[in-house]
Amino acid sequence: MRNFEFYNPVRIIFGKGRIAKLSGLIPQNANILLTYGGGSIKRNGIYDQVIAALKGFNVIEFGGIEANPHYETLMKGVEQIKAHKIDFLLAVGGGSVLDGTKFMAAAALWEGSDPWEILSRRNEVSVSVAIPVGTVLTLPATGSEMNGGAVVTRWETKDKLAFSSEKVMPLFSILDPEVVFSLPQRQVANGIADAFIHTMEQYLTYPVNAPVQDKFAESLLTTLIDEGPKVLANRTDYDAAANFMWAATMALNGIIGVGVPQDWASHMIGHELTALHGIDHGRTLCIILPGVMRVKRTNKEAKILQYGERVWKITEGTTAEKIDAIIAKTVDFFESLGIGTKLSDYGIGAEIIPTIIGRFENRGIKAFGERGDVTLEEIAKILELQLK
Ligand code: NZQ
Ligand code: ZN
């Protein structure tokens, strides 16, 4: 196992009826900006629960944060923060609202010339201060509720970029599994896929003798395989919703990624598909991961075989046959969620390949992956294999 440092200060308040706990988590004299998305919280009763819990607090609202939150929208929120001397941000929503709010928390106190630098120069600058953030999660998927990551899209240029900072880790996150009851089928499927592939990006690399992380990751994968379909079949199955929700949080709160190599190629390529074609984040990953497994089947051989044996019980055949069967099982799982795994399923053809490669070249990106060897040439190959 590699050396590591682990820090995660996020307080999790998990369970039924827990939104009522909000008043005890935010300072009484805080000026709160309540941030939310396109309005689902007003239709499913979550907004009413939050407002009831915040009785007596100073609350200003900032709604309309879109899926794959736009920098342009978030900067309007930053103006509100400054105008109303906001000192606490309460994000109520899915990954997009949480991420957008984390960006606003850092951008409002950013001392550089342009807050876009937080994303565009993420390797050169760091966030030293941010407004405190708390969250009420409404969609299990991204893990944003318990990490310091955020992904923001600049609409003008269609750049979708990420940053990460301890300073924007939420002070608390309320996880009430009943929020799952109002989720559309498509968002449940996206959430299962996203959590599954977060786990894979930290697991499907090469062995470093880290059985705690490996078995933890395998338990998240099997939990998602077992519980995900139950949530899809019966949205009000509370126990299935609770297990899905906790698996999604655990998949990207840092624990399974400590001391082990990480990949993230599927995410980095997938973000381009969302930025250019608006494909939901979870779906982009289901297109790219099978391509990464195909192209890196030799480099990842030991972990692919371990994953196949422990998660899918695939033990028969030659190494090549087993790897083929394991990739097929993974694709079948994504398809069983109702997610297309080929670019043609989304009306995208070969023209996407030079476009994506050109965008990476312009950003000076040479390669991704746990060994830094998923080169631009290999990225083109991955996309080509996933055309149809
Ligand atoms: O906007 P509203 O009206 O709230 O509707 C949303 C949105 O249309 C709806 N929704 C959310 N909760 C609901 C609900 N509808 C009914 N009932 C509920 N309880 O679902 C739609 C999608 O929401 P969104 O927040 O966009 O989805 P998700 O949670 O999948 O977030 C995706 C974003 O997170 C980023 C992605 O790139 C993408 O921008 N990610 C963030 C990460 C992180 N911070 O660590 C890691 C991930 O890999 C990912 O990149
Ligand atoms: Zn993701």
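Among residues of the range 195-218 that are in the same structural domain as Gly369 (by TED's automatic domain parsing), those with a beta-carbon under 7 Å from a residue that is open to solvent by 10 Å² or more (accessible area, probe 1.4 Å) and acidic (Asp, Glu) at least six positions away or on a different chain give the pairs Glu201/Asp263; Tyr203/Asp214; Leu204/Asp263; Thr205/Asp263; Thr205/Glu370; Tyr206/Glu370.
On the given criteria, is Ala302 under 24 Å from Asn8 (Cα atoms) and in a helix (DSSP H, G or I)? First the steps, then the outcome.
Working: under 24 Å from Asn8 (Cα atoms): no; in a helix (DSSP H, G or I): yes.
Judged against the criteria, Ala302 is not a match.
Going by the conditions given, is Ile326 in contact with a Leu (Cβ under 9 Å, 6 or more places away or on another chain), aliphatic (A, V, I, L, M), in a helix (DSSP H, G or I) and in the same structural domain as Gly291 (by TED's automatic domain parsing)? In short, yes.
A Cβ distance below 8 Å, combined with a sequence gap of six or more or placement on separate chains, defines the contacts here; from the range 126-146, residues that are over 22 Å from Ala247 (Cβ atoms) reach residues that are among the basic types (Lys, Arg) and within 16 Å of ligand 2 (Cβ to nearest atom) in the pairs Ala130/Lys102; Val133/Lys102. Somewhere in the range 330-342, is a residue open to solvent by 30 Å² or more (accessible area, probe 1.4 Å), closer than 28 Å to Ile225 by Cβ and in contact with a Gly (Cβ under 8 Å, 6 or more places away or on another chain)? Among the residues of the range 330-342, not one is open to solvent by 30 Å² or more (accessible area, probe 1.4 Å), closer than 28 Å to Ile225 by Cβ and in contact with a Gly (Cβ under 8 Å, 6 or more places away or on another chain), which makes the answer no.
Residues of the range 263-299 that are polar (S, T, N, Q) and assigned to a helix (DSSP H, G or I): Ser266, Thr274, Thr284. For Ser173, the criteria (1) at pLDDT 95 or above; (2) outside the structural domain of His281 (by TED's automatic domain parsing); (3) out of contact with any Asp or Glu (no Cβ under 9 Å at 6 or more places or on another chain) hold in every case but one, which is (3). Residues in the range 45-71 that are farther than 22 Å from Gly278 by Cα, within 16 Å of ligand 1 (Cβ to nearest atom) and open to solvent by 30 Å² or more (accessible area, probe 1.4 Å): Tyr47, Asp48, Gln49, Ile51, Glu61. Within the range 72-103, the set of residues being within 14 Å of ligand 1 (Cβ to nearest atom) and open to solvent by 20 Å² or more (accessible area, probe 1.4 Å) comprises Thr73, Ser96.
Can you pull out the residues in the range 147-172 that are more than 16 Å from ligand 2 (Cβ to nearest atom), open to solvent by 20 Å² or more (accessible area, probe 1.4 Å) and touching a residue at least 12 places away in the same chain (Cβ under 8 Å)?
Of all residues in the range 147-172, those more than 16 Å from ligand 2 (Cβ to nearest atom) come to 154-159, 165-172.
Checking the rest, the ones that are also open to solvent by 20 Å² or more (accessible area, probe 1.4 Å) come to 154-159, 166-167, 169, 171.
Once the filter is applied, which keeps residues that are more than 16 Å from ligand 2 (Cβ to nearest atom), open to solvent by 20 Å² or more (accessible area, probe 1.4 Å) and touching a residue at least 12 places away in the same chain (Cβ under 8 Å), the range 147-172 yields Arg154, Trp155, Glu156, Lys158, Asp159, Glu166, Lys167, Met169, Leu171.
Here Arg359 meets the list (1) in a helix (DSSP H, G or I); (2) more than 23 Å from the chain's Cα centre (by Cα); (3) more than 27 Å from Phe216 (Cα to Cα) almost entirely, failing just condition (2). Examine the range 307-314 for a residue that is under 25 Å from the mean Cα position of the chain (by Cα), assigned to a helix (DSSP H, G or I), among the aliphatic types (A, V, I, L, M) and on the phi < 0 side of the Ramachandran plot, and state whether such a residue exists. Scanning the range 307-314 turns up at least one residue that is under 25 Å from the mean Cα position of the chain (by Cα), assigned to a helix (DSSP H, G or I), among the aliphatic types (A, V, I, L, M) and on the phi < 0 side of the Ramachandran plot. Residues in the range 243-292 that are surrounded by fewer than 22 Cβ atoms within 10 Å (Cβ to Cβ) and more than 12 Å from ligand 1 (Cβ to nearest atom): 11 in all.
The values are calculated or read from the model by the stated rules, or taken from the named source; none is laboratory data. Please read these numbers as outputs of a predicted model, since none were measured by experiment. A quick note on method: Cβ atoms are made from the backbone with ideal geometry, for glycine too, and the neighbour counts reach across all protein chains shown. The area values use the complete protein model at the heavy-atom level, side chains included, leaving out ligands, DNA and RNA. Shrake-Rupley method; radii C 1.70, N 1.55, O 1.52, S 1.80 Å.
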